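Reviewing the structure listed below.
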Amino acid sequence: MTTSPDSAVRLELSDGVATITLNRPDAMNSLDVATKVLLLETVRHVAEDPAARCVVLTGTGRAFCTGQDLKEHIQLLRNGGSDQLFSTVDDHYNPIVTALAGMEKPVVAAVNGVAAGAGASLAFACDLRIVADTAGFNLAFANVALSCDTGASYHLPQLVGRAKAIELLYFPRTIKADEALELGLATTVVPADELAAEVAALAARLAAGPTVALGAMRQSVAYASGHTFEESVAFESAMMQRTGATSDHAAAVAAFVAKEKPVFEGR
């Protein structure tokens, strides 16, 4: 899959790191239908690409992503397109966040600017959120009299707890980077001019890791959130058997015996 530099969603793959960049800076990287279609295609592509061992999601300009493109939204409302408006959750938002949250490899959000509405939800679906000190989050749904979407009801309470999640949804406001770190929405906050370097170093470390094992950990944590203890440890057992059969596990054991640092190939 190739994308052009001026594409609304750019994809770059280098040294095992697939970087997906939302590229509508003049529209604050908001999501119109065309962008959502391309984003879904891109996320699904990197999920299946064995060369992509870590995925980074970010934006260009002042915003990470401000969610639904309200200009397009208003036009559809005025033109009687309400069916198309709200089918976008099933057609676009749910498949995008499902592919993002479900892929069997680490996913990092490089939050370069404001992440609002579905944009915040996408960041919350990632494993780690590296946030520029000039960035922030806003659960803006109530401001436009809409419910939350793109997995916010699932991921937000996991990060901040139910009570805080309800508060942030009921009373939308911009949560600045320092508060986001205190709440657990941000993994790390860095100066804006250091964001790219920080994310590159982290992504490189993850891409050099045991990809199957990291993906299994990701799946195990997600599975446990909706299952009993007994079901969760049974799932852990299945993941242990799966990862125990990988070349990376064999290489790691051999390196341990030889007192060497293992080199993982992601298989």
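Here, each number is a calculation from the coordinates, and none is a lab measurement. Note that the coordinates shown come from a computational prediction; the quantities given were computed from them, not determined experimentally. Ideal geometry is used to build each Cβ from the backbone, glycine not excepted, and the neighbour counts take in all protein chains shown.
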Ordering 27-33, 64-70 by per-residue average of other C-beta atoms within 10 angstrom, highest first, gives 64-70, 27-33
Cβ density ranking, 10 Å radius, fewest first, applied to Val43, Val97, Val89 yields Val89, Val97, Val43
By the Cα gyration tensor axes a ≥ b ≥ c (a/c under 1.5 gives rounded; else a/b larger than b/c gives prolate, otherwise oblate), the shape of the range 211-257 is prolate
The summed charge of the Ala177 Cβ neighbourhood (under 11 Å; Lys/Arg +1, Asp/Glu -1) stands at -2
Expressed in nanometres to one decimal, the distance between label points 7 Å along Cα→Cβ at Val33 and Ser87 is 0.9 nm
Share of Cα-Cα pairs in the chain beyond 26 Å, whole percent, is 43 percent
As a percent rounded to 5, the proportion of antiparallel DSSP bridges among beta bridges in the chain is 25 percent
Excluding residues fewer than 8 positions from Lys261 in its own chain, the lysines with Cα under 28 Å of it are Lys105
Between the modelled labels at Phe171 and Ala222 (7 Å from Cα along Cα→Cβ) the distance in nm is 3.3 nm
Protection proxy (average C-beta count within 10 Å per residue), highest first, orders 160-171, 223-234 as 160-171, 223-234
Residues whose built amide H sits under 5 Å from the amide H of Gln68, excluding neighbours closer than 5 in sequence, are Leu31, Ala118, Gly119
